[in-house]
Each structure stands twice: as structure tokens, then as C-alpha cells.
Amino acid sequence: MQMPPLDPDILRRRGAIVAALQAIVPGEGVIDDLDGMRPYECDALSAYRQMPLVVVLPETVGQVASILRYCQDHQVKVVPRGAGTSLSGGSMPVGDAILLGMAKFNRVLEIDYANRCARVQPGVTNLGVTKAVEHEGFYYAPDPSSQIACSIGGNVAENSGGVHCLKYGLTTNNLLGIEMVLMNGEVVRLGGKHLDSGGYDLLGLMTGSEGLLGVVTEVTVRLLRKPSTARAVLLGFPTEAGAADCVAAVIASGIIPGGMEMMDKDAVQCAENYVGAGYPLDAEGLLIVELDGPEVEVDYLVARVEEIARGRGATTVRVSRDEQERVLFWAGRKAAFPAVGQITPDYMCLDGSVPRGRLVEVLGEMRLMSKTYGLRVVNVFHAGDGNLHPLILFDANDPDELRRAEEFGADILRLCVRVGGVLTGEHGVGIEKRDLMGVQFTEIDLDQQMRVKCAFDPDHLLNPGKVFPKLRRCAELGRVTVHDNKLPFPDIPRF
Amino acid sequence: MAAGTIKPRDASELRQAVEWALNDGVTLDVRGGGSKLDLGKPMQCNQVLDVSGISGIVDYAPEELVVTLRAGTPMREVEALLAQRNQMLAFEPPDLGPLLGRAPGEGTLVGAVMGNLAGPRRLSAGAARDHLLGFSGVNGRGEAFKSGGRVMKNVTGYDLSKLLAGSWGTLAVLDEVSVKVLPAPDQTRTLLLHGLDDAAAVPAMCAAMGSPHEISGAAHVGDKTALRIEGVAPSVEARLKGLRELLVASGAAMDELGTLESRTFWREVRDVAPLDADADAIVWRLSCPPTEGPVIVARIRAQRPSAKAFYDWSGGLVWLALPPTADADHLLVRAALGATGGHATLIRAPETTRASVPVLHPQSPALAALAARVKESLDPKGLFNPGRMV
């Protein structure tokens with residue numbers, strides 16, 4: 001993974017930059033010693049590490065604005081960071097950039113049950129929002145598996161999903177407003193407690209922009225009432241194709257489950273050994289289908305799902321009898337990654353999305369690649385929305401295995417794009433998939449995205465080296481070429 | 001008025017047309033079905049770019065919950081196709097044609113996306129923005145480009161679909177879109193509460209929205225407060241029962257609408273039919289926090305006692321009809337929104353009024369400047385629908 005070369009001029013000016021930050025954020029808010037900065041050297045994509053230039057932890061919007069304005073004026077790069085749980089290197093530090101940590105923005109500012117929303121600071125954890133409102137029977141729907149640690153600001157940057165987004169949407173579908181600071185220090189508010197925008201939907205654009213457009217300082221999220229009942233159904237199939245058919249049949253029958261997850265035989269084995277969830281070890285494909293809503297509806301839908309599954313040759317059909325068992329069914333799935341971690345020194349987790357109808361074909365091709373590369377692959381995925389999480393097992397101490405794992409991963413993502421899917425369903429591009437962007441997008445597509453970035457950050461100072469494989473200067477991107485020869489286009493109908 | 005119309009037949013001709021406009025410095029009035037020509041600031045363009053010739057369904061995969069279609073495809077064609085497989089556009093796009101003095105059914109799906117329109121189900125299912133999965137089109141440099149895709153979950157690159165939804169054709173001209181579809185509900189029933197005034201109706205709707213009964217429509221029209229429940233039969237029954245118990249405290253008399261009556265009622269709310277009768281009235285659309293709806297209307301009625309209003313989205317969408325005035329009372333309406341946040345859009349007014357009054361809600365200087373830079377990043381020469389948004 002190549003990062004842009006460090007700017008020696010910035011490194012030389014480090015002392016002045018630290019002093020300027022100390023003037024903006026007094027006290028302990030500036031960390032410039034190696035030991036203090038060590039915890040920030042990577043995010044959850046921990047294979048890649050880099051010490052930042054300096055860490056700054058502002059506490060007020062005014063400080064964030066002053067820091068960004070200083071950085072703009074002095075052409076210093078900035079990497080924003082929430083809880084540092086990005087799986088794609090989105091918050092990985094850059095050696096000649098300030099790391100702007102938002103962890104001190106950790107307060108719930110307002111809960112408005114009548115209008116079903118909460119206004120929180122970006123450093124509040126995803127689960128922290130639900131914790132603040134669950135005593136009233138409400139919750140915040142997106143539930144990425146890192147929800148105990150990941151921050152809402154990070155969720156906005158990554159447009160985080162989770163196992164329930166088939167029915168309840170991603171972060172972007174559950175936001176009402178944000179306050180953010182632009183690179184020039186201007187503070188703007190997008191949305192609020194009302195729905196939709198009267199102008200361009202910049203809230204939608206900001207969501208999933210991976211920290212490249214602005215720094216979020218406040219978030220208004222939509223709250224939902226907790227469903228009164230939830231039940232999980234375990235469905236084991238003798239073939240993966242049977243499991244995939246069942247997924248399609250459930251959806252075609254008009255049912256949108258709260259969650260619909262699939263695990264292959266190896267993943268089932270690992271998870272079962274790890275937590276003892278009672279998974280059927282003979283199944284080649286295991287589905288966990290969760291149905292939620294009023295009790296009568298859940299009973300009715302569970303019966304229909306059971307019927308569909310039996311019609312598709314399910315050999316195991318078990319419905320959770322109580323809340324404890326429902327949680328147990330999920331425990332294996334939720335622990336699947338650490339469970340796989342037990343059988344391999346290292347693993348690489350991918351995140352492509354494919355049309356559901358191509359699942360079986362993609363799984364088959366992955367197996368063939370697995371033989372070619374000589375590396376095992378285990379599959380856990382959000383089957384309901386076609387979001388795959390193949391885990392490639394390898395040993396990072398063996399440089400050749402690491403190289404093969406990276407190539408295998410890239411091949412899987414190319415395969416996803418080839419069958420009509422995308423590189424990343426929920427983890428983000430970051431640095432991890434940056435160099436594969438050209439597989440999914442043309443140069444024109446990418447130039448257009450970079451031009452949008454120029455509208456926010458004309459000097460490419462925010463989160464440099466992420467998302468785009470090669471950066472072009474805004475001045476160059478802004479040039480409009482007008483051809484001299486006026487083309488008549490005589491064939492197009494005119495009136 | 002535009003000097004003429006150019007009507008490309010496919011994506012390649014569309015790109016050529018934009019390239020020609022760029023080379024000749026020609027501004028384009030971009031339109032599909034033309035159903036919303038009388039909505040928004042009137043424009044002075046050199047040429048009409050009519051995309052209705054780029055039409056048709058490209059691919060429909062019901063089990064993938066996605067339909068891909070060309071930009072000029074009429075809404076009625078999309079809805080008829082989905083109905084065959086018992087699916088729907090969950091954002092319930094309104095047909096504003098009749099409100100704007102036109103025939104019903106003239107709109108295109110992409111036109112609804114360009115206005116980010118949504119009906120009563122906005123509350124539970126989102127707006128057009130939440131259902132646009134991806135697109136291809138031509139930017140103001142005459143370049144063909146794309147964003148998003150056909151899959152449900154996708155965070156690869158910026159979500160330009162969100163930016164395009166609600167851009168009123170000012171950023172790019174689309175030739176193809178992929179849109180998420182959902183199963184249509186088996187049953188639709190509506191609980192009606194009678195006799196509540198605005199101030200009592202909105203808390204009742206908010207209580208219903210905060211209940212576990214999964215309300216998919218909450219409107220207050222006249223003295224009727226309507227709550228829609230959709231789904232499979234046993235669930236609908238149980239939720240209606242629970243909802244009645246919850247709302248006993250409101251003291252209102254209650255009855256129900258069945259599936260067919262419900263469809264008619266919610267279609268009328270969706271298409272703003274309750275304000276249709278007086279063709280001369282100025283019509284505003286206000287988005288606000290639900291509990292603020294009746295407060296805002298009361299402020300306006302204090303100045304304009306004859307103002308008519310009804311509420312959708314649990315009170316968060318106010319449709320307002322005012323007696324005709326040259327300035328559409330825009331200062332009054334926007335002041336009434338006050339500091340609570342939200343936005344007011346002038347939907348129906350004479351052309352001269354729409355030319356002189358800000359149709360879209362004014363933005364702070366920093367936000368307006370940012371929006372102008374975003375426009376420039378896609379359409380640097382201002383070819384598309386100049387003046388409509390920025």
C-alpha cells in the first residue's frame with residue numbers, strides 16, 4: 001500500500017504547527033510525543049500503521065473551525081478520526097498530517113421523543129445512542145458489528161450498515177441533520193429535525209464521504225420504536241445453492257426480514273466451536289432469518305419462512321423459543337470473525353456487494369480462486385442485501401502469503417464488480433480498496449467525484465491518500481475544454 | 001422562451017447534445033414528461049432538452065428488489081410494471097400534475113427523483129433519495145459518467161445519487177437510473193379520528209408514530225386525523241386494535257377505512273387534492289419538525305385568517321394554501337418557520353410571482369456558496385436549468 005510521499009517542508013515546520021495547535025486547544029488536547037501518539041498509529045485495518053505528525057483533540061466547534069482554518073491557511077493536511085474502528089483504513093494517520101480526534105465530543109445533547117430524534121455529538125458511540133433512549137422503548141437502527149466502540153461521526157463518514165439494514169436502511173437513511181466544519185473554517189448546518197433538504201442534499205453527499213469533505217461536529221439521528229417481538233429462524237441446507245434460493249424466495253414472496261444472514265460450512269464450524277450456538281454442522285449453507293414486529297405478524301411470517309425453507313430442501317429448521325435462544329442464534333454469527341481468528345494467524349475481511357442472484361456463482365468462483373492461491377476462504381455475509389464478507393486466511397509472517405492474500409482479495413472484488421456488484425458494501429474504500437477504484441469507475445467518473453471534493457476542499461487537505469487512486473489538482477480538474485469545431489449533430493431530432 | 005427543442009433518442013445522442021450546447025454556449029431547459037414545468041423559478045434557456053425519447057425499462061429483477069430504467073420512462077409505465085409483481089415504489093411519489101393545472105399521469109420517475117418527491121410513506125420508507133441506487137448521465141462538460149450501482153448496499157465513492165435526487169435537473173442530465181423497489185402490502189387500513197383540532201391532532205399522530213404499531217401514514221385533513229397501517233392481515237388487525245387503545249385518551253370518535261377507501265384517501269393526500277379546489281390559491285409546502293407544524297400554521301393564520309392547511313408526515317409536512325398576493329407572502333411564511341428549522345418551497349404561484357420570489361428556501365451565505373461550488377463542480381458553464389436552484 002503506497003501512501004503519498006511525506007512533504008519535507010511540513011515535517012520541518014512541525015514545531016510551529018504543534019505550537020499553533022496548542023494555542024487553539026490548550027492543556028492536554030495536543031499530543032506530540034511518540035508514546036502518547038502510539039494508540040493512534042492505526043485503525044481497525046491494523047495491517048497498516050503510520051504515526052501522525054501530531055494528534056489534536058478539540059473540545060468545541062470553535063476549536064475545530066480554528067484548526068481547519070489554520071490548516072487551510074498553512075496548507076497542512078488533516079486526518080479526521082472518530083473511534084478509529086474503520087476496517088478500510090479510513091482513519092489511518094498520515095505522517096505529514098494532523099490527526100484530528102473527535103473523541104471529546106461525547107455528549108448526547110437532546111432527545112426529542114415527540115419528534116423521534118436525538119441530537120448528539122459525533123464522538124458518542126453508536127450503541128450509546130440506543131442506550132440513551134432504550135428505557136423509553138426506542139433505539140437507533142443502524143447496528144454495525146463494532147457498535148459498542150464505533151462513533152456516530154464515524155458512522156456518518158462511512159455510511160455504516162449492519163445486519164438490519166435490509167429492512168431499516170443504512171446510516172444515510174436514518175440521519176436527519178448534521179453540523180459540520182468546512183476546510184475554510186466555515187460552520188454549516190445541513191438538515192435538522194425536519195425531513196429532506198430545501199436545496200441540494202449535501203447531507204446525503206456527506207454521508208459516506210469518508211472524511212474527505214468536512215468534519216462533522218453534531219449529528220441528529222432518527223429514532224425508531226423497538227419492535228415488540230423478534231424471533232430468529234435457523235435454516236440449514238445441504239447445498240449453498242439451496243440456501244441462496246431460499247433467500248431469493250423469501251424476498252420474492254414479499255417478506256423483508258429484519259436480518260437475513262448466511263454462513264458457509266467452514267464459518268458454521270468455526271462459530272460453533274467458539275460459542276456453541278447449536279448450529280447444524282452438516283449444513284453446507286446456514287441462514288439466520290430474523291423477523292420482527294408485532295407478535296402475530298412475527299408468528300405468521302415465521303410460519304411462511306419455515307414453509308418456504310422446507311420447500312427449498314432445508315434439513316434444519318429451528319425457531320428461537322425465547323429471547324435467550326434468539327440471542328444465542330446470533331451469538332455465533334456475531335462472533336464469526338473472532339471465531340475464524342482462532343483457526344488462522346491472520347485473516348483479511350472483504351466487503352463486496354453483488355446482486356443476490358449471482359451469489360452461488362460468486363461463491364463457486366471464490367472456491368476455485370482459493371485453490372489457485374493456495375489460501376482458504378471462509379464466507380459470512382448479509383445475504384438479504386448481497387453484501388459478502390469473505391475472510392481470507394493467511395499468515396502475515398510469511399511475506400508470500402500476505403502478497404497472495406492481497407491478490408486473492410483484489411480478485412474477489414474484481415469478480416464482484418464483474419457480476420454487477422461493487423467493491424464495498426459498508427466498510428468503505430479508505431486505503432484498502434483505493435487502488436481498485438478503477439475497476440468499478442472510469443477515469444471520468446473518478447474525476448467527477450474529485451471535482452465534487454474540490455467544492456469542499458480545494459487543496460485536497462482533508463484525509464489525503466484515501467479513496468482516490470491518484471489525486472489531480474483542482475485547478476487542473478476545473479478546466480473546461482471547449483472544442484473549436486462546432487459539431488452540428490445532424491441526426492438528433494430537433495423541433 | 002427557448003428557440004427550439006432537441007430530443008435525443010439514446011445516451012450517445014444525449015451526450016452529443018450536451019457537448020454541442022457546451023461548445024455553442026447554449027443553455028438547456030432539461031425536461032422529461034413536463035409535468036412540473038410550472039413548478040420552480042421560470043427560466044430563460046436557449047434550447048429545450050427533452051429526454052422523453054430516452055425511454056423504457058432496461059431490467060426488472062423483482063427478487064433483487066431493483067428496477068433499471070431510462071430517464072424518460074413515464075411513471076405510470078413503471079408503476080404498472082411493478083404492480084404485476086406485487087411490488088411498488090415505496091416512497092409513494094406524488095403526481096402534482098392536477099395541482100399544477102395539468103392532466104394526471106404525465107410525470108416520469110426520474111422527474112420525481114429530480115424533485116426528491118415523496119408521499120405519505122416518506123415517514124417510514126424514505127423519499128426518492130433513499131431509493132435511487134445509481135445512475136448514469138452526462139455532466140456539464142459533456143462527459144458520460146455514472147455513480148452508485150444496482151445493489152442495495154454500496155459505499156463505493158461519494159453517494160452522488162443523493163446529490164442528484166432533488167437537484168431539479170441542474171447538475172447533470174440522467175439517461176438511466178436504478179431504483180430500489182419493495183413488496184406492496186397485502187392490506188391497507190386506516191384509523192380515522194374525528195373532530196381533533198390541529199393542536200390536538202399532531203400529538204395524537206406523534207404518539208402513534210412513537211408506538212410499536214408501525215404507522216406508514218399520518219395525516220390531518222380538516223377534522224379528520226388519519227393513521228395508515230399496512231401489512232399482512234393478522235398483523236394489521238392486531239395493530240389497529242392496539243392503536244385504538246393507545247388513542248382512546250384523545251377522546252376522539254374513531255372509525256376505519258378499508259383497503260380500497262384507504263388507497264383513495266392516501267392518494268388524495270399524496271397528490272395534495274385537498275388544496276386543489278381553489279385554482280387561484282398560492283400553494284406552499286413546508287417541511288418542519290412534526291410538533292412545530294400547527295405552531296407554524298397558527299402564526300400564519302394570525303396574519304392570514306383564510307389560510308387553508310393540511311398536514312402529512314405526522315405534522316412534519318404542511319401543505320398551505322394562501323389567498324393570491326403578488327409576493328406569495330413569502331416573508332410571512334418563512335418567518336413563521338422561525339428558528340425551529342425546516343424549509344418552505346413555493347409550489348404553485350403565477351409565473352410572475354415565481355420569477356420574483358425565492359421559490360426554494362433561502363440558505364445561509366456559507367451554505368449557498370457551498371451549493372454554488374457543488375453546482376460548478378458538475379456543470380461549470382451553467383448549462384442545465386440555469387437559475388432553478390443556484
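Every number here is computed from the coordinates shown, using simple stated rules; none is lab data. Nothing here was measured: the structure is a model prediction, and the numbers come from that model. Cβ: placed from backbone, ideal geometry, glycine included. Neighbour counts: every protein chain shown.
Miscellaneous remarks
- If you wrap the tightest convex hull around every Cα atom of chain B and split its volume per residue, you get 137 Å³.
- Expressed as a fraction of 2.2 N^0.38 Å, the value expected for a compact globular protein of N residues, the C-alpha radius of gyration of the stretch A:130-245 is 1.28.
- The stretch B:47-137: GluC sites (Glu not before Pro) in DSSP coil with no more than 14 other Cβ atoms inside 10 Å: none
- Unmatched cysteines, chain A - criterion: no other Cβ of a Cys under 4.7 angstrom: A:Cys42, A:Cys71, A:Cys117, A:Cys150, A:Cys165, A:Cys246, A:Cys270, A:Cys349, A:Cys416
- Annotation: the residues B:Val202, A:Val482, sorted from fewest to most other C-beta atoms within 10 Å of their own C-beta, follow the order A:Val482, B:Val202.
- Between the listed residues B:Ala369, B:Gly258, A:Thr220, the Cα displaced farthest toward the positive end of the dipole of the protein assembly as shown, a dipole computed from Cβ unit charges relative to the Cα centre, is found at B:Ala369.
- Debye, to nearest 20: dipole size of the protein assembly as shown, +1 on Lys, Arg Cβ, -1 on Asp, Glu Cβ: 1300
- A cut-off under 10 angstrom between Cβ atoms defines the neighbours of A:Pro238, and their net charge, with Lys, Arg +1 and Asp, Glu -1, is -3.
- A Cα-only calculation for the protein assembly as shown places Rg and Dmax at 26.8, 79 Å.
- The average projected area of the stretch A:369-495, computed from the convex hull of its Cα atoms over all directions, is 13.6 nm².
- Around B:Gly222: net Lys/Arg minus Asp/Glu count, Cβ-Cβ under 12 Å: -2
- Ellipsoid semi-axes in whole angstrom, largest first, where each is sqrt(5λ) of the Cα gyration tensor of the stretch A:1-112: 22, 19, 12
- Cα gyration tensor, the stretch B:1-123 - rounded (a/c under 1.5), prolate or oblate: oblate
- Working note: 222 nm ellipticity from helices only, DSSP H runs with n ≥ 4, each -39,500 (n - 2.57), summed and divided by the residues of chain B, gives -8500 deg cm²/dmol to the nearest 500.
- Rounded to the nearest 20, the size of the Cβ-charge dipole of the stretch B:187-270 about its Cα centre is 220 debye, with Lys and Arg at +1 and Asp and Glu at -1.
- Using bins of 10 Å that start at zero, the share of Cα-Cα pairs per bin across chain A amounts to 4, 18, 27, 25, 17, 7, 2, 0, in whole %.
- The ranking of B:Glu376, A:Glu476 from fewest to most other beta carbons within 10 Å of each one's beta carbon is A:Glu476, B:Glu376.
- If you take all other residues with their beta carbon under 13 Å from the beta carbon of A:Glu136, and give Lys and Arg +1 and Asp and Glu -1, the sum is +2.
- All-pairs alpha carbon distance profile, the stretch B:187-270, 5 Å steps from 0, percent: 3, 16, 31, 27, 17, 5, 0
- Across the stretch B:75-87, computed HN-Hα scalar couplings (Karplus, 6.51 cos²θ - 1.76 cosθ + 1.60, θ = phi - 60°) run 4, 5, 5, 5, 5, 5, 4, 5, 4, 4, 10, 6, 10 Hz from first to last residue, x flagging Gly and Pro.
- Total charge dipole magnitude, chain B, about the Cα centre, Cβ charges on Lys, Arg, Asp, Glu only, Debye to nearest 20: 600
- When only alpha carbons of the stretch A:344-435 are considered, Rg and Dmax amount to 12.4, 38 Å.
- Selection from B:Leu322, B:Pro212, A:Leu205, by position along the positive dipole direction of the protein assembly as shown (Cβ): B:Leu322
- The order of A:Ile492, B:Ile54, A:Ile152, going from fewest to most other C-beta atoms within 10 Å of their C-beta, is A:Ile492, B:Ile54, A:Ile152.
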